[in-house]
Amino acid sequence: MRRSIAGVAVVVTLTATLVACGGSDGGSDNVGPTGPTKDVGSSSTAASDGTESPDATAGSTQALVGKLGDTLRLAGMEGSLNGPGTVEADFTLERFENDATSTIGVLEPAAENRLVAAEFTIVETGTGTYQDSGYAGATVFDANGTEYQGKPGIVTAGKSLGPNMIVKPGERVTGWIVFEVPKDAKITSVTYLMEKVGPDPARTGTWTLD
């Protein structure tokens with residue numbers, strides 16, 4: 001009996017020593033380095049149900065969400081087709097035109113549709129050059145969840161982002177992207193996907209318009 005009591009005392013003493021030293025009881029900091037937090041301007045990173053969630057990081061599987069006027073930092077593909085260096089850019093949805101007018105008659109919408117346009121500012125913050133179509137990765141969604149793809153076009157609101165956009169490190173470009181939607185559609189959000197090669201939350205930003 002005395003030997004058992006002594007054994008228990010030794011175990012208790014060793015356990016207390018491990019806790020005091022930050023052992024494997026969960027008291028130690030086991031979190032490794034994380035990637036840079038995406039810049040969401042004045043907004044919070046939000047889940048799809050509208051509730052706030054922790055800021056997304058470069059390794060996160062959660063898409064970035066902001067609102068009109070916010071800046072979202074999107075990460076390019078690893079081993080990007082754009083060449084050497086890392087591709088990462090700040091995207092700001094500057095303005096949204098709910099009833100845009102084309103400067104070229106042949107690009108007018110069908111009779112039952114209208115044009116809308118989103119103005120973006122893009123700043124390359126990585127060490128590589130971001131090359132992309134200015135409109136291919138952009139979409140708008142209406143209140144029913146229907147998606148409308150960006151299209152070539154120039155609106156009277158200002159300069160458009162062209163099909164062969166090139167943004168070198170530190171450079172900034174600003175321009176409009178045009179969308180054709182039904183006349184009665186209520187557009188609720190704008191989405192931009194960098195390097196449109198399959199979906200990727202780290203390369204996707206969504207701006208709500210409500």
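The values are calculated or read from the model by the stated rules, or taken from the named source; none is laboratory data. Note that the coordinates shown come from a computational prediction; the quantities given were computed from them, not determined experimentally. Here the Cβ is made from the backbone with ideal geometry for all residues, glycine too, and neighbour counts use every protein chain on show.
Can you give me the number of residues within the range 120-134 that are among the polar types (S, T, N, Q) and either within 16 Å of Ser189 (Cα to Cα) or at pLDDT 95 or above (or both)?
Residues of the range 120-134 that are among the polar types (S, T, N, Q), as a first pass: 121, 125, 127, 129, 131, 133.
In the following step, the residues that additionally are either within 16 Å of Ser189 (Cα to Cα) or at pLDDT 95 or above (or both) were identified as 121, 125.
Total meeting the criteria: 2.
Among the residues of the range 146-156, not a single one is exposed (fewer than 13 other Cβ atoms within 10 Å of the Cβ), under 18 Å from the mean Cα position of the chain (by Cα) and not in a strand (DSSP E or B). Within the range 188-210, the residues that satisfy the criterion of being surrounded by fewer than 18 Cβ atoms within 10 Å (Cβ to Cβ) and hydrophobic (A, V, I, L, M, F, W, C) are Val197, Leu209.
The single condition from (1) among the basic types (Lys, Arg); (2) touching a residue at least 24 places away in the same chain (Cβ under 8 Å); (3) exposed (fewer than 13 other Cβ atoms within 10 Å of the Cβ) that Lys159 fails is (2). Consider the range 183-199 and keep the residues that are in contact (Cβ under 8 Å) with a residue 12 or more places away in the chain and part of a loop (DSSP other than H, G, I, E, B). The one that is nearest to Ala100 (Cα to Cα) is Lys183.
Between Gly175, Gly137, Gly170, which is at pLDDT 95 or above, under 21 Å from Leu72 (Cα atoms), buried (at least 19 other Cβ atoms within 10 Å of the Cβ) and of a type in the set (Gly, Ala, Ser)? Working first, answer last.
Working: Gly137 fails: at pLDDT 95 or above; Gly170 fails: buried (at least 19 other Cβ atoms within 10 Å of the Cβ).
Testing whether each residue is at pLDDT 95 or above, under 21 Å from Leu72 (Cα atoms), buried (at least 19 other Cβ atoms within 10 Å of the Cβ) and of a type in the set (Gly, Ala, Ser) leaves just Gly175.
Against the test of being out of contact with any His (no Cβ under 7 Å at 6 or more places or on another chain), at pLDDT 95 or above and on the phi > 0 side of the Ramachandran plot, the options Gly145, Gly205 yield a single qualifying residue, Gly145.
Within the range 135-144, count every residue that is closer than 19 Å to Pro201 by Cα and over 14 Å from the mean Cα position of the chain (by Cα).
Number satisfying all stated conditions: 4.
Against the criterion of being of a type in the set (Ser, Thr, Tyr) and either over 13 Å from Tyr192 (Cβ atoms) or part of a loop (DSSP other than H, G, I, E, B) (or both), Thr127 qualifies.
Can you spot a residue in the range 191-203 that is within 17 Å of the chain's Cα centre (by Cα) and of a type in the set (Lys, Arg)? Can you show your working first?
Taking the range 191-203 as the starting set, the residues that turn out to be within 17 Å of the chain's Cα centre (by Cα) are 191-203.
So of that shortlist, the ones also of a type in the set (Lys, Arg) come out as 196, 203.
Yes, the range 191-203 contains at least one residue that is within 17 Å of the chain's Cα centre (by Cα) and of a type in the set (Lys, Arg).
Residues of the range 94-119 that are free of Cβ contacts under 8 Å to residues at least 60 places away in the same chain, outside any loop (DSSP other than H, G, I, E, B), farther than 14 Å from Thr191 by Cα and not aliphatic (A, V, I, L, M): Asp99, Gly105.
Pick from Gly170, Gly150, Gly145, Gly134: which is under 14 Å from Glu97 (Cβ atoms) and of a type in the set (Gly, Ala, Ser)? Give the steps one after another, and end with the answer.
On the way: Gly170 fails: under 14 Å from Glu97 (Cβ atoms); Gly145 fails: under 14 Å from Glu97 (Cβ atoms); Gly134 fails: under 14 Å from Glu97 (Cβ atoms).
The conditions single out Gly150.
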